[in-house]
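One structure below.
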Amino acid sequence: MEKKNIDWSNLGFGYIKTDYRYVSNYKDGSWDEGTLTTDDTVTISECAGVLQYAQTVFEGMKAYTTEDGHIVTFRPDLNAERMVNSAKRLEMPVFPEDRFVQAVVDTVKANAAFVPPYGSGATLYIRPYMFGSNPVIGVKPADEYQFRVFATPVGPYFKGGVKPLTIRVSDFDRAAPHGTGHIKAGLNYAMSLHAIVDAHNQGFDENMYLDAATRTKVEETGGANFLFVTKDNTVVTPKSNSILPSITRRSLIYVAEHYLGLKVEEREVLFEEVKDFAECGLCGTAAVISPVGKIVDHGNEICFPAGMEKMGPITQKLYDTLTGIQMGRIEAPEGWLKVIE
């Protein structure tokens, strides 16, 4: 299969239209059989539930070309499971997990010419999403929904190498204790936009959100989970009911324990502890791990001993091991790679 004529090494992290996308509609209590289509437009009522009351959930994942030439996706079953939980929380119908995985496979296979070659540093980003599509004027869940999957080739998140981030402790709250912080809903990201724009305007790369109830515990950023390393090489990640359960974070924790033999702790992390950690990173689909060099708390700087110039040694090992698994250089745990072709 011949690849598209794309300058893979110079791709940015943005949208490029591909040939096919998957669409399935929910009406009268059931999902239709779904189909692949070349039509990249969405036509809905001006009063659609998603437009009036932000009833939408989504996922983000990638397809890779492995060292031996296969196209694979990484743990799509966990994305399917997370979308089920997101849909339930917003009173949306569940798109069956097996159909979710198959829709992803079908979309990637149909766009195989857009999957970047091994070694290019680029990947195929996959975006499954669902939204309320019928007119809703009273405050209530929609009756009809559309589930879609599109894919777009993207370049490496870090162009020209990894640059440690400088982040600030935000005065804004990301999620309430009993709110929607634990699901991947569009509304969570909408409310983070002002905070991230403000952070960028102040010269910071990201926000660190503390828990809304006490503002003493580390939660996450607008789009990534935190991962810390202690001075004795214990890997620590914050635990909270209002943190999105990152698939990348869960995978890194497994890698730390089972591949690198490191001690792992998933627990509440008090902000006052942060100054004592040796390394800090943000983990998510886009970059796997982004190293943090400095956290600024209203003028007070916390600089990590490892990570000011490059990734700390443990963070680097975690990054190298997980990307090695994703690219087929290191043997993956059972079920982690879904081979598409």
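To keep it simple, each residue is scored yes or no on (1) among the charged types (D, E, K, R); (2) more than 30 Å from Tyr22 (Cα to Cα); (3) open to solvent by 20 Å² or more (accessible area, probe 1.4 Å).
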site: Val136; (1), (2), (3): no, no, no
site: Arg148; (1), (2), (3): yes, no, no
site: Gly155; (1), (2), (3): no, no, no
site: Thr166; (1), (2), (3): no, yes, yes
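Determine, yes or no, whether Ile247 is modelled with pLDDT of 95 or more and either open to solvent by 30 Å² or more (accessible area, probe 1.4 Å) or closer than 23 Å to Phe172 by Cβ (or both).
no
Residue check, Glu257 against (1) at pLDDT 95 or above; (2) closer than 22 Å to Gly186 by Cα, all met but one. Which one?
Exception for Glu257: condition (2).
Of everything in region 1-18 that's within 30 Å of Asn134 (Cα to Cα) and of a type in the set (Ser, Thr, Tyr), which residue is surrounded by the fewest Cβ atoms within 10 Å (Cβ to Cβ)?
Taking the candidates together, the pick is Tyr15.
What's the total number of residues in region 311-341 that are more than 16 Å from Gly284 (Cα to Cα) and touching a Pro at 6+ places or on another chain (Cβ under 6 Å)?
Result for region 311-341: 1.
For region 293-303, enumerate the residues that are among the hydrophobic types (A, V, I, L, M, F, W, C) and either in contact (Cβ under 8 Å) with a residue 40 or more places away in the chain or in a helix (DSSP H, G or I) (or both).
Ile295, Val296 - these are the residues of region 293-303 that are among the hydrophobic types (A, V, I, L, M, F, W, C) and either in contact (Cβ under 8 Å) with a residue 40 or more places away in the chain or in a helix (DSSP H, G or I) (or both).
If a residue must be part of a loop (DSSP other than H, G, I, E, B), in contact with a Lys or Arg (Cβ under 9 Å, 6 or more places away or on another chain) and either more than 20 Å from Tyr209 (Cβ to Cβ) or β-branched (Val, Ile, Thr) (or both), how many such residues does region 250-281 contain?
Residues in region 250-281 being part of a loop (DSSP other than H, G, I, E, B), in contact with a Lys or Arg (Cβ under 9 Å, 6 or more places away or on another chain) and either more than 20 Å from Tyr209 (Cβ to Cβ) or β-branched (Val, Ile, Thr) (or both): 4 in total.
For region 270-287, what are the residues that are under 23 Å from the mean Cα position of the chain (by Cα) and buried (at least 22 other Cβ atoms within 10 Å of the Cβ)?
Answer for region 270-287, where residues must be under 23 Å from the mean Cα position of the chain (by Cα) and buried (at least 22 other Cβ atoms within 10 Å of the Cβ): Glu279, Cys280, Gly281, Leu282, Cys283.
So which of Gln316, Gln326 is within 23 Å of the chain's Cα centre (by Cα), on the phi < 0 side of the Ramachandran plot, free of Cβ contacts under 8 Å to residues at least 24 places away in the same chain and surrounded by 16 or more Cβ atoms within 10 Å (Cβ to Cβ)?
Every option except Gln316 fails the conditions.
Inside region 185-240, can you point out the residues that are open to solvent by less than 60 Å² (accessible area, probe 1.4 Å) and of a type in the set (Asp, Glu)?
If the condition is that a residue be open to solvent by less than 60 Å² (accessible area, probe 1.4 Å) and of a type in the set (Asp, Glu), then Asp198, Glu206, Asp211, Glu219, Glu220 are the ones that fit.
Using the structure shown, decide if Ser290 is in a loop (DSSP other than H, G, I, E, B) and either open to solvent by 20 Å² or more (accessible area, probe 1.4 Å) or among the small types (Gly, Ala, Ser) (or both).
Answer is no for this residue.
Could you please let me know if Arg99 is part of a helix (DSSP H, G or I) and in contact with a Pro (Cβ under 8 Å, 6 or more places away or on another chain)?
No.
I'd like the full set of residues that are assigned to a strand (DSSP E or B), under 21 Å from Lys88 (Cβ atoms), open to solvent by 30 Å² or more (accessible area, probe 1.4 Å) and of a type in the set (S, T, N, Q), limited to region 19-55.
Selection gives Asn25, Ser30.
Against the definition (open to solvent by less than 60 Å² (accessible area, probe 1.4 Å), at pLDDT below 95 and either of a type in the set (S, T, N, Q) or under 17 Å from the mean Cα position of the chain (by Cα) (or both)), how does Gly60 come out, yes or no?
So Gly60 does not fit the description; no.
Name, by its number, the condition in (1) surrounded by fewer than 17 Cβ atoms within 10 Å (Cβ to Cβ); (2) farther than 23 Å from Val288 by Cα; (3) in contact (Cβ under 8 Å) with a residue 24 or more places away in the chain that does not hold for Ala87.
Every condition holds for Ala87 apart from (1).
Looking at region 64-98, which of its residues are within 20 Å of the chain's Cα centre (by Cα) and among the hydroxyl-bearing types (Ser, Thr, Tyr)?
Residues satisfying the conditions are Tyr64, Thr65, Thr73, Ser86.
The values are calculated or read from the model by the stated rules, or taken from the named source; none is laboratory data. In this text the structure is predicted, and so the values were computed from the model without any measurement. Note: ideal-geometry Cβ built from the backbone for every residue, glycine included; neighbour counts use all protein chains shown. For accessibility, only protein heavy atoms count, side chains too; no ligands or nucleic acids. Shrake-Rupley method; radii C 1.70, N 1.55, O 1.52, S 1.80 Å.
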